[in-house]
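Below is one structure, written out as structure tokens; the observations come after it.
The values are calculated or read from the model by the stated rules, or taken from the named source; none is laboratory data. Owing to the predicted nature of the structure, the values given are computational and were not obtained by experimental measurement. Cβ sites come from the backbone with ideal geometry, for glycine too, and all protein chains shown count toward neighbours. Surface areas here come from the heavy atoms of the whole protein model, side chains and all, with no ligands, DNA or RNA. Shrake-Rupley method; radii C 1.70, N 1.55, O 1.52, S 1.80 Å.
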Amino acid sequence: MIIEKSSPPKDHATRYSLPATSGLYIHIPFCLQRCAYCDFASYALNALPNGLSFGSYADALIKEARLAAKERGAPRFSTLYFGGGTPSLMPLDELRRIVAALRESFNVSQIEEFTLEANPDTLDGEKLASWRELGVNRLSLGIQSLSDTSLKELGRSYSREEALGALARHRDELAAFDLSFDLLLNIPWQNPSQVLDDIRTLYAFEPVHLSLYSLKVEPGTPLAMRVANEPELAPDKDRFADEMGAAEKLLEESGFARYEVSNFARDGKWSLHNLTYWRGGNYLGLGVNATSCIRGVRTRNHREFADYRAALMRNELPVAERAELTETERAFERLMLALRTMWGISRDELPLRIWKKLQAKAEELAERHPQLIVAIPERIALTSAGMNVEHALVVELAEGDLWGEPV
Ligand code: SF4
């Protein structure tokens, strides 16, 4: 199906213009305990490696910020994101020191969005007020599930009652932030309808954003060992599609738009920071295992704190991997990430030689699967149904003689 030039690929995609953003990410690796499925760079507070404390980590981050600013200039950032780990565990005095150093090192005077990730059992009134004073205007709350059985099996540090109790107790302070909730789908210990009940329950706290991810079995995690012995616990892709379909219907009926494969927002309250990743903007990441991509140069920091700090003590950036992407690799990455979003990819985002071939393939694919993909002369985008099989569609679009060189 080839839609006429004037037909918008999606209502929301054309109603809201896309901001150009550049993001600063700070990784905070502390957690109350390790969840059974987690393979993020994080440490349980009772099992910190030698030399790691809130203070020593803040010192290292501050040093990295100063070095990065010296080596890379002092770029202007429009978003600031503290992710983890559980950044809400960071003591206020350390958090203030870090934010002050970021202000000294970079141009963050025009931050539009300042997000901090938090778990519900780490909220307290003093922290919430101080985060607001520091400029935090968006909280991303990792709820994951409101089923006690699931929370226990996943190794989360709170019960349903504790999570909802914390949200209720701090309702007034939370109202000062744009709230986003993370929920996991495909949890084998709960009914497929649990996620719908959870979304309805969380509506009471007026979120403007929800992220829905499938539970994944990452190698080396306690969950992976468990699934090896109990294969019936393995995530099921049909169940995921059903849960996502039902959740999407509920969210769209309530005014949320699915603007990215796993993300839903009300009133254009997209995660501007994550849009930087999906739209190919520049971002700088500080902290263990943090990644950066600036003008096509991608780096990843050391994952272990000891290696990370050792590099900084030598006055070196703690970079473990560095790759300079070729034009073709950049184009492939643009395609892969942009198609995750409802805006899709437009003609001016790719070299013309690639765009022309891609457009022909997309038109042909849209003829066969009009329910999955929309191709107009300037833009290619996936429908919501297409987002559910996004990986397969990208593979189909990207294979063959599109690039002129291997990617
Ligand atoms: S709270 Fe998040 S980062 Fe920490 S262990 Fe659990 S899943 Fe991993």
Flag if ASN263 is open to solvent by less than 50 Å² (accessible area, probe 1.4 Å) and in contact with a Pro (Cβ under 6 Å, 6 or more places away or on another chain):
no
Can you name every residue in the range 158-186 that is farther than 22 Å from VAL227 by Cβ and either within 16 Å of the ligand (Cβ to nearest atom) or among the polar types (S, T, N, Q) (or both)?
TYR158, SER159, GLU162, ALA163, ALA166, SER180, PHE181
Consider LEU154 carefully, then state whether it is open to solvent by less than 50 Å² (accessible area, probe 1.4 Å), within 16 Å of the ligand (Cβ to nearest atom) and of a type in the set (A, V, I, L, M).
yes
Can you pull out every residue in the range 18-41 that is under 21 Å from ARG97 (Cα atoms) and either open to solvent by 10 Å² or more (accessible area, probe 1.4 Å) or not in a loop (DSSP other than H, G, I, E, B) (or both)?
GLY23, LEU24, TYR25, ILE26, HIS27, ILE28, PHE30, CYS31
Evaluate the following for TYR259: is it closer than 28 Å to ASP178 by Cα and of a type outside the set (Asp, Glu)?
yes
When the range 42-59 is checked residue by residue, the ones that are away from the ligand (no atom under 16 Å from the Cβ) and either outside any helix (DSSP H, G or I) or over 26 Å from the mean Cα position of the chain (by Cα) (or both) are ASN50, GLY51, SER53, GLY55, SER56
Considering only the range 320-339, I want to know if a residue exists there that is within 19 Å of ALA58 (Cβ to Cβ), of a type in the set (Lys, Arg) and open to solvent by 40 Å² or more (accessible area, probe 1.4 Å).
no
Residue match in the range 235-249 (condition: open to solvent by less than 20 Å² (accessible area, probe 1.4 Å), in the same structural domain as VAL195 (by TED's automatic domain parsing), touching a helix residue (DSSP H, G or I) at 6+ places or on another chain (Cβ under 8 Å) and of a type in the set (A, V, I, L, M)):
yes
Can you pull out the residues in the range 205-226 that are touching a residue at least 60 places away in the same chain (Cβ under 8 Å) and more than 23 Å from ARG171 (Cα to Cα)?
LEU215, LYS216, VAL217, GLU218, PRO219, GLY220, THR221, PRO222, LEU223, ARG226
Would you be able to say whether some residue in the range 126-134 is within 13 Å of the ligand (Cβ to nearest atom), on the phi < 0 side of the Ramachandran plot and buried (at least 21 other Cβ atoms within 10 Å of the Cβ)?
no
When you go through ASP39, ASP121, ASP93 one by one, which is the residue that is away from the ligand (no atom under 16 Å from the Cβ) and among the charged types (D, E, K, R)?
ASP93
For residues in the range 60-90 being away from the ligand (no atom under 16 Å from the Cβ) and small (Gly, Ala, Ser), which is most open to solvent (accessible area, probe 1.4 Å)?
ALA74
Take the range 100-135 and flag every residue that is within 15 Å of GLY23 (Cα to Cα) and touching a helix residue (DSSP H, G or I) at 6+ places or on another chain (Cβ under 9 Å).
LEU102, SER105, PHE106, VAL108, SER109, GLU112, GLU113, PHE114, THR115, LEU116
Step by step: first the residues of the range 201-234, then only those that are under 18 Å from ARG266 (Cα atoms) and among the β-branched types (Val, Ile, Thr), then the one that is most open to solvent (accessible area, probe 1.4 Å). Which residue is that?
THR201
Residue under question is ALA175, and the condition is that it be without any contact (Cβ under 8 Å) to a residue 40 or more places away in the chain and more than 25 Å from TYR43 (Cα to Cα); does it hold?
yes
Matching residues in the range 187-200 (buried (at least 17 other Cβ atoms within 10 Å of the Cβ) and under 28 Å from THR341 (Cβ atoms)) number 5
